[in-house]
Amino acid sequence: MIVAERKPLEEILRLIDGAKTVLLTGCGGCVTVHMAGGEKEVEVLASLLRLHYKKEDKPIKILTQTVTRQCEPEYVRELADNVDKAAVVLSMGCGVGVQFIAENFPKAWVVPALNTKFAGATLEAGVWAERCGLCGECILYKTGGICPVIRCSKSLLNGPCGGSQNGKCEVDPEIDCAWQLIHDRMKDLGKLDLLLEIEPPKDWSKARDGGPRKVMREDMRF
Amino acid sequence: MYSVRNGVRVMGEVKEEAGAAQPAFEPKIVAFACYYCAYSAADLAGSMRLQYPPNIRIVELPCTGKVNPQMLLKAFEEGADGVYVAGCMEGDCHFLRGNLRAKRRVKYVKGLLDEIGVGGERLEMFNLSSSMGPRFAQIAREMTERIKALGPSPVNRKARASAADEDAAGG
Ligand code: SF4
Ligand code: SF4
């Protein structure tokens, strides 16, 4: 899922400063699952904003609406009535959600309440970690299901580098060396020989380096 | 004595004191109390005829694990100057870990209250058992003293000031 984290309140307050009516909108997708921008988080942030403005004795109206997914047009359009009423739309979706609301409402001023971090997984309740760098051409079949592109700090395809020490990455002793993990797993699986093959340079034009990407399926179009 | 509001039992409704020209600050404090311990301890304090400040409004919960950030913040929004959560002794939760979850949430909301400038010290978590009537009364006193020292919640200050102005103008 896309993992995000709420911006500091101070920054959020700056982003909505001066607005008399704010539409605070959550997303029922990833950000609900990892509790950053779903219905509950919208309620909490709305409450905090109301407390702040009451404290400052400034009147403000906070409208709240959480849609199923902010990255799909039919759900985003459900926001229309409230978008009309609000001077600022404060989205608790990921960066995709924020942009998609802006795209669908050309006259709306849309700002993010979250910092979107990565595509990751839930390691345990309350802990999320990055797992995929969205490189456009997956090579997990060569590395035992451990991604060197995103989990190796240097994205090495033929690792490890000389900085790998006791299973940890030289960038930060908290980070596992991805190549140590790959090596150990391949060894356990009896497939170490696969690692002897030299991986040629990756075609980064399939990743972000080739510009913004788009996926199209003719069979799914109307 | 209790009344039912929004599906939760609210005990110890306090009447607003009227008439005094310069009323001393009497904080409103909401206590979210677990049915299995603190709420029973409050009952016990009552039957023991123990005195505790009338500032406390008790909201009964099936377990402090029911406490969520929305609930705690709502209490502040609705005018509470202080809020506390009272659950079973650690290790004695009827639902095993509800009070430990509440403890974490209280800590989290304290951070939020600090961030928004209301002040995390207006929120606290306490642990006691159902047999601790005197401790319940003591906690009520402790919390009332703490909030009195802090003064009205910054959220209520303006509202209180304008109410006082109106009183003055009216009187
Ligand atoms: S808007 Fe972002 S968080 Fe919401 S479903 Fe889409 S990708 Fe997930
Ligand atoms: S190889 Fe590319 S697509 Fe596969 S997990 Fe890594 S970043 Fe994601």
Inset, instruction - Six or more apart or on different chains, Cβ under 8 Å: which pairs go from a residue in the stretch A:30-57 that's farther than 12 Å from A:Gly93 by Cβ to one that's in a helix (DSSP H, G or I) and among the acidic types (Asp, Glu)? Could you list them? - result: A:Met35/A:Glu41; A:Ser47/B:Glu77; A:Leu48/B:Glu115; A:Arg50/B:Glu77; A:Leu51/B:Glu77; A:Lys54/B:Glu77
Legend entry - Residues of the stretch B:35-79 classified as surrounded by 20 or more Cβ atoms within 10 Å (Cβ to Cβ), more than 14 Å from chain A (Cβ to nearest Cβ) and assigned to a loop (DSSP other than H, G, I, E, B), total: 5
Legend entry - Checking A:Val88 against (1) more than 16 Å from ligand 1 (Cβ to nearest atom); (2) touching a residue at least 24 places away in the same chain (Cβ under 8 Å); (3) not assigned by TED's automatic domain parsing to the domain that holds A:Ile16, the condition it does not meet: (3)
Inset, instruction - Would you tally the residues in the stretch A:17-61 being more than 9 Å from every other protein chain (Cβ to nearest Cβ) and among the basic types (Lys, Arg)? - result: 3
Legend entry - Residues being open to solvent by less than 10 Å² (accessible area, probe 1.4 Å) and within 14 Å of chain A (Cβ to nearest Cβ) - total across the stretch B:83-105: 1
Legend entry - From A:Gly136, A:Gly144, A:Gly162, residue being more than 30 Å from A:Leu13 (Cβ to Cβ) and out of contact with any helix residue (DSSP H, G or I) (no Cβ under 8 Å at 6 or more places or on another chain): A:Gly162
Inset, instruction - Determine, yes or no, whether A:Ala119 is within 30 Å of A:Glu174 (Cα to Cα) and touching a Ser or Thr at 6+ places or on another chain (Cβ under 7 Å). - result: no
Legend entry - Residue satisfying condition, being assigned by TED's automatic domain parsing to the domain that holds A:Glu199 and open to solvent by less than 70 Å² (accessible area, probe 1.4 Å), within set A:Leu140, A:Leu114: A:Leu140
Inset, instruction - Can you work out which of the residues in the stretch A:17-30 that are closer than 23 Å to A:Asp81 by Cα and crowded, with 22+ Cβ neighbours inside 10 Å is nearest to ligand 1 (Cβ to nearest atom)? - result: A:Gly29
Inset, instruction - Can you give me the ranges of the strands (runs of 3 or more DSSP E) entirely in the stretch A:95-149 with at least 1 residues that are within 16 Å of ligand 2 (Cβ to nearest atom) and on the phi < 0 side of the Ramachandran plot? - result: A:114-124, A:127-132
Legend entry - Candidates A:Asp17, A:Asp57, A:Asp84 - the one that is at pLDDT 95 or above and either touching a helix residue (DSSP H, G or I) at 6+ places or on another chain (Cβ under 9 Å) or in a helix (DSSP H, G or I) (or both): A:Asp84
Legend entry - Near pairs, Cβ below 6 angstrom, 6+ apart or cross-chain, from the stretch B:119-148 (acidic (Asp, Glu)) to any residue that is open to solvent by less than 30 Å² (accessible area, probe 1.4 Å) and at pLDDT 95 or above: B:Glu124/B:Tyr84
Legend entry - The listed residue being away from ligand 1 (no atom under 16 Å from the Cβ), touching a residue at least 40 places away in the same chain (Cβ under 8 Å) and aliphatic (A, V, I, L, M), out of A:Leu114, A:Leu157: A:Leu157
Inset, instruction - Quick one: A:Met186 ticks every box in (1) in contact with a strand residue (DSSP E or B) (Cβ under 9 Å, 6 or more places away or on another chain); (2) open to solvent by less than 60 Å² (accessible area, probe 1.4 Å) except a single one, so which number is it? - result: (1)
Inset, instruction - Could you check, for the stretch A:45-52, whether at least one of its residues is open to solvent by 10 Å² or more (accessible area, probe 1.4 Å) and either within 16 Å of ligand 1 (Cβ to nearest atom) or aliphatic (A, V, I, L, M) (or both)? - result: no
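The values are calculated or read from the model by the stated rules, or taken from the named source; none is laboratory data. Source: prediction; values computed, not measured. Here Cβ is always computed from backbone atoms with ideal geometry, including for glycine, and neighbour counts include all displayed protein chains. Ligands, DNA and RNA are excluded from the accessible area calculation, which covers all protein heavy atoms including side chains. Shrake-Rupley method; radii C 1.70, N 1.55, O 1.52, S 1.80 Å.
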